[in-house]
């Protein structure tokens, strides 16, 4: 056995548990508590299927809006009514969302909770990521993955003309036939966790485009999107990129800006709910 970073073991074990579990959202944002209707959930709340907490139910999970969807905090709670103590996993939560969750468990007289955050310097990837180039035989599988991955955003914004969730199989096939399209499976060990498409004409002075990139819902929360973009930049070059994203999805914007992408100043209103903004990386 190799040397183990004792301070990081807890988080590594949580990541392993998360990677082998499906997240079930049974109390979506805007829903009310099943027993206390005065409690309204401002974030998606659910559990890890196939796990067990101290109440013999699945381990609870809060899902935030940060695009990285990383697991970097937990809340430890005590409930005098249930006479138990539990931990809740926080995945992809912004600082404001973490503050909301902490307050959620401390505004009731019979409950209390403490927030424990993971230091960024502690975050290490426990598995090896690879980008595996797809071919025409993968078209149907890629298309089905894409439809499922973007369903939530389509339901939220109803962007019929621009949503990857409404694209046809024929469009995926056409893209795979393009000599300048590089469609990759995103794999962790032997498991496909998502996919991404890179447009690279291999010509000096021409930008490369990233569109789309997606991580399957059950694998979010582990910074896989950031890793995949970094790998794509290693393959195709770290400069000369363009992409677009939804202005209202602040987590996505934060991710790209953190990775060195700059707003071009161009924006396109798709409908009254949604605006596309454009980024480049020189």
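The values are calculated or read from the model by the stated rules, or taken from the named source; none is laboratory data. All figures in this text were calculated on a predicted structure; none of them were measured in a lab. Positions of Cβ are generated from backbone atoms using ideal geometry, with glycine treated the same way; all protein chains shown enter the neighbour counts.
Within the bounds of segment 67-79, is there any residue that is assigned to a loop (DSSP other than H, G, I, E, B), surrounded by fewer than 19 Cβ atoms within 10 Å (Cβ to Cβ) and not assigned by TED's automatic domain parsing to the domain that holds residue 219?
Filtering segment 67-79 down to residues assigned to a loop (DSSP other than H, G, I, E, B) leaves 67-70.
With surrounded by fewer than 19 Cβ atoms within 10 Å (Cβ to Cβ) added as a condition, the list becomes none.
Checked against the condition, which is being assigned to a loop (DSSP other than H, G, I, E, B), surrounded by fewer than 19 Cβ atoms within 10 Å (Cβ to Cβ) and not assigned by TED's automatic domain parsing to the domain that holds residue 219, segment 67-79 yields no hits at all.
Could you tell me whether residue 222 is more than 26 Å from residue 140 (Cβ to Cβ), assigned by TED's automatic domain parsing to the domain that holds residue 165 and surrounded by 16 or more Cβ atoms within 10 Å (Cβ to Cβ)?
Yes: the conditions hold for residue 222.
Could you check, for segment 122-131, whether at least one of its residues is modelled with pLDDT under 90, out of contact with any strand residue (DSSP E or B) (no Cβ under 8 Å at 6 or more places or on another chain) and either in a helix (DSSP H, G or I) or under 24 Å from residue 245 (Cβ atoms) (or both)?
yes
Would you be able to say whether some residue in segment 81-98 is farther than 25 Å from residue 246 by Cβ, part of a loop (DSSP other than H, G, I, E, B), outside the structural domain of residue 216 (by TED's automatic domain parsing) and touching a strand residue (DSSP E or B) at 6+ places or on another chain (Cβ under 7 Å)?
no
Read through the list (1) modelled with pLDDT of 90 or more; (2) touching a strand residue (DSSP E or B) at 6+ places or on another chain (Cβ under 8 Å), then give the number of the only condition that residue 117 fails.
For residue 117, the failing item is (1).
Collect the residues in segment 22-33 that are surrounded by 13 or more Cβ atoms within 10 Å (Cβ to Cβ) and free of Cβ contacts under 8 Å to residues at least 60 places away in the same chain, keeping them in residue-number order. Before you say what the answer is, go through the steps one by one.
Initial filter on segment 22-33 (surrounded by 13 or more Cβ atoms within 10 Å (Cβ to Cβ)): 22-25, 27-29, 31.
24, 25, 27, 28, 29, 31 - these are the residues of segment 22-33 that are surrounded by 13 or more Cβ atoms within 10 Å (Cβ to Cβ) and free of Cβ contacts under 8 Å to residues at least 60 places away in the same chain.
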